[in-house]
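Worksheet: one structure, shown below.
All of the numbers you see were taken from the coordinates with simple rules; none came from a lab. Computed from a predicted model, the values in this text were never measured in an experiment. Cβ coordinates were reconstructed from backbone atoms using ideal geometry, including for glycine residues, and neighbour counts include every protein chain displayed.
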Amino acid sequence: MGELTGQRILLGVSGGIAAYKAAELVRLLIKAGAQVQVAMTAAATHFVTPVTFQALSGQPVFVDQWDARVGNNMAHIDLSRQADAILVAPASADLLAKIAQGRADDLLSTLILARNCPLLVAPAMNRQMWENPATQRNAAQLAEDGVVLLGPDAGPQACGEVGDGRMWEPEALKEALVGFFQPKHLAGRRVLLTAGPTYEAIDPVRGITNLSSGRMGYALARACQQAGAQVTLVSGPTNLPCPLGVERIAAGSAREMREAVLARVGEAQVFIAVAAVADYRPEQAAPQKIKKTAENLTLNLVKNPDILAEVAALPNAPFCVGFAAESENLEAYAEAKRQKKRLPLVVGNLFSDAFGGEENKVVLFDGDGAHPLAPASKARLAAQIVAHLAGLLAAPVRI
Ligand code: C5P
C-alpha cells in the first residue's frame, strides 16, 4: 500500500521548461500508488511529448478538447469527474491568469473550470513574470478561491536569472499531495519534537553516540505537519532530509538539544521526545585529540539532563509523548517509564524491531492501557500515532 493508493490524480501540465520535471513527478505519484491521468496544454507538448507521460502514467494523455477518443466528446467533464484532485505542475503565468478569471479556451482550462474536486497548482515562471502585479493579483485571487498554491521556490532559473519562480521539486510536490489528503487531526496545534541520536564529544574528533537513524522521529514530524500542525524538529546528527514544511533546528549534544527545546517549548501544545539522547557524556571534552600513549584510558562520564522529564515537569507542560526503546520486557519497562516521567502517552518498541530500518512494530501505552499497532512502515505508524495522540488531546489528560 502506497501513501497515495486509491487516489486518482489529474496532472495538468502547462507550457514551461519545468514540464520536464513533471515526468519525474508522474513517476513518484505512480510509485506512491496513485492513478495518474495527464492532461497537457498545446504549449506543454513543445517541452515534453505526450508519449513520455503516457509511458510513465500508463494512461493515454489528453491535449485536445475535441479528442474523439472520449465517447461523449466531453473530455473536460469526464476527466474532471474521474479525479480526486487536480494538480497543475508546472502552472504557467498564463494558466494561472486563465484559472483566476474562469476562462476556458482549451482542454486543461476547461476541465479545471468544470471540476468538482480540489485544485492544487505549482507555479513555475521567470521571476519577473511571477513578481508582476498581474500575476500576484491572480495568485491572491486563486488562494481566495480555495486553490492550493504550492510554491514557487526561489533559486536559479532556466533563463539564467535568480529569484522566485522555480517550480517545487517533484518530491516536494508529491509530499504536498500526500499531506493534502491526510486528515487534519492537529490543525492549529504547535508541535515540538526531538529526533536522532546525540553526539557527546570526547575530544575534537571523537565522541559517544548511538545507532538511532532519526527515521521514526522524522516520520512523526512529517505526520504532524501533514495533520495540520506547525512543527519544529530539534534534531541530532542524521543524514535525513527535513520533511516538507517542518522547521528543523540542529543540535549536537544532549545539552544543546535541551537548550533548543527549552527555548521553544513555551509555544508548543505537544512535545514528542523521540531522540535517543545519550544518558551520559564525558565530564570534560579534551581540547586536543587524545594520543594513544597510555595503555588504559579512563573516561569519567556524567549524567546528561533528561529533556523529556524536565519538560513534563514544567508548570505549563505541553502534552508530552515519550518513546521507550527496550531490548526486553517492553510492556513493563514502557509503562514504568510512563508513570515515572508522568507522561500521558509512551510509544514503546523493541530495539530489534526499530533501529535503522523503514519498518517498525510499536505498542502505545496510555491511561487506558496498552494498544499494540500492527507492524508497518514508520510513515504509516507515525500517522496512526498522530491519530491516537489527537484523540487523547481532545480528552482530559490521564496519566
Ligand atoms: O529515560 P529513557 O531514555 O529510557 O526514556 C526515553 C524517552 O525519554 C524518550 O522519549 C527520549 O527521547 C526521552 N529522553 C530525553 N532525554 C534524555 C533521555 C531520554 O528526552 N536524557
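Under 5 Å between amide hydrogens, which residues at least 5 positions from residue 88 or on another chain qualify, with H placed 1.01 Å from N in the peptide plane?
Residues meeting the amide H criterion: 12, 120, 121, 122.
Can you tell me the length gained on complete extension of the stretch residue 184 to residue 59, counting 0.36 nm per residue apart and subtracting the Cα distance?
Answer, rounded to one decimal: 41.8 nm.
Would you mind getting the Kirkwood hydrodynamic radius of segment 174-332 from its Cα pairs, rounded to one decimal in Å?
Evaluated over segment 174-332, this radius sits at 16.9 Å.
What is the antiparallel percent of DSSP beta bridges lying wholly in the chain, to the nearest 5?
35
Within a Cβ distance under 13 Å of residue 79, other residues only, what is the Lys/Arg minus Asp/Glu net charge?
-1
May I ask you to sort 306, 368 by Cβ crowding, counting other Cβ atoms within 10 Å and putting the fewest first? Kindly include the intermediate steps, with their values, before the conclusion.
Values: 306 16, 368 10.
With the sparsest Cβ surroundings first, the list reads 368, 306.
Starting from one equal scatterer on each C-alpha and no solvent at all, send me the Debye-based log10 I(q)/I(0) for segment 56-201 at q = 0.09 Å⁻¹, two decimals.
The calculated log intensity ratios at q = 0.09 Å⁻¹ are -0.37.
Given a Förster radius of 25 Å and the C-beta distance between residue 259 and residue 283 as r, what FRET efficiency does 1/(1 + (r/R0)^6) yield to the nearest 0.05? Write down the numbers at each step before the final one.
On the way: r = 19 Å, r/R0 = 0.76.
Efficiency, from the Cβ-Cβ distance: 0.85.
Based on other C-beta atoms within 10 Å, arrange 253, 327 from fewest to most. Don't skip to the end; give the middle numbers.
Details: 253 21, 327 9.
So the residues, fewest neighbours to most, are 327, 253.
Hey, what do the phi angles of segment 317-329 turn into as Karplus ³J(HN,Hα) couplings, whole Hz, using 6.51/-1.76/1.60 and θ = phi - 60°, x for Gly and Pro?
4, x, 5, 9, 10, x, 10, 10, 9, 10, 9, 7, 6
For a quick check: with amide H placed at 1.01 Å from N, whose amide H comes under 5 Å from residue 249's, ignoring anything fewer than 5 positions away on the same chain?
The list, which skips near neighbours in sequence, is 233, 234, 235.
Give me the net charge of residue 342's neighbourhood, meaning all other residues with Cβ under 14 Å from the Cβ of residue 342; Lys, Arg count +1, Asp, Glu -1. Could you put the intermediate results ahead of the total?
On the way: positive: 337, 338, 340, 341, 398; negative: 306, 310, 335, 366.
Here the count lands on +1.
If one computes P(r) from the Cα atoms of the chain, what percent of pairs lie at distances over 39 Å? Can you show the working numbers first?
Numbers: 25865 of 79401 pairs.
Everything past 39 Å amounts to 33 percent.
Segment 344-399: which trypsin sites (Lys or Arg not before Pro) are DSSP loop and have at most 13 other beta-carbon atoms within 10 angstrom?
Working: sites: 361, 378, 380, 398; in loops: 361, 398.
When the trypsin sites (Lys or Arg not before Pro) of segment 344-399 are filtered for loop state and at most 13 Cβ neighbours within 10 Å, 398 remain.
Sorting check: for 242-252, 121-131, which peptide has the highest mean count of neighbouring beta carbons within 10 Å, and how do the rest follow?
So the peptides 242-252, 121-131, ranked by packing, come out 121-131, 242-252.
Based on the inverse mean of 1/r over its pairs of different Cα atoms, what is the Kirkwood hydrodynamic radius of segment 247-399, in Å?
17.3 Å is the Kirkwood radius here.
For 388, 185, 46, which order do you get if you count the other beta carbons within 10 Å of each Cβ and list the fewest first? Can you show the working numbers first?
Details: 388 18, 185 21, 46 11.
Lowest count first: 46, 388, 185.
Could you tell me how far the Cα centroid of segment 290-321 sits from the Cα centroid of segment 49-127, in Å?
56
If I take R0 = 56 Å and measure r between the Cβ atoms of residue 309 and residue 137 in this structure, what FRET efficiency does the formula 1/(1 + (r/R0)^6) give, to the nearest 0.05?
On the way: r = 53 Å, r/R0 = 0.94.
The formula returns an efficiency of 0.60 here.
Using the Karplus equation 6.51 cos²θ - 1.76 cosθ + 1.60 (θ = phi - 60°), what ³J(HN,Hα) coupling, rounded to whole Hz, does each residue of segment 216-231 give in order, writing x for Gly and Pro?
5, x, 5, 5, 5, 4, 5, 5, 5, 4, 5, 8, x, 7, 8, 10
So what's the convex hull volume per residue for the Cα atoms of segment 38-108, in Å³?
Cα convex hull per residue, to the nearest whole number: 103 Å³.
Write out the GluC sites (Glu not before Pro) in segment 322-363 meeting two conditions: DSSP loop, and at most 14 other Cβ atoms within 10 Å of their Cβ.
328, 358
State log₁₀ I(q)/I(0) for segment 330-399 at q = 0.12, 0.26, 0.27 Å⁻¹ as given by the Debye formula over alpha-carbon point scatterers of equal weight, solvent excluded.
Results for segment 330-399 at q = 0.12, 0.26, 0.27 Å⁻¹ read -0.31, -1.21, -1.26.
All other residues with a Cβ under 11 Å from the Cβ of residue 3 taken together, and with Lys, Arg as +1 and Asp, Glu as -1, what is their net charge?
+3
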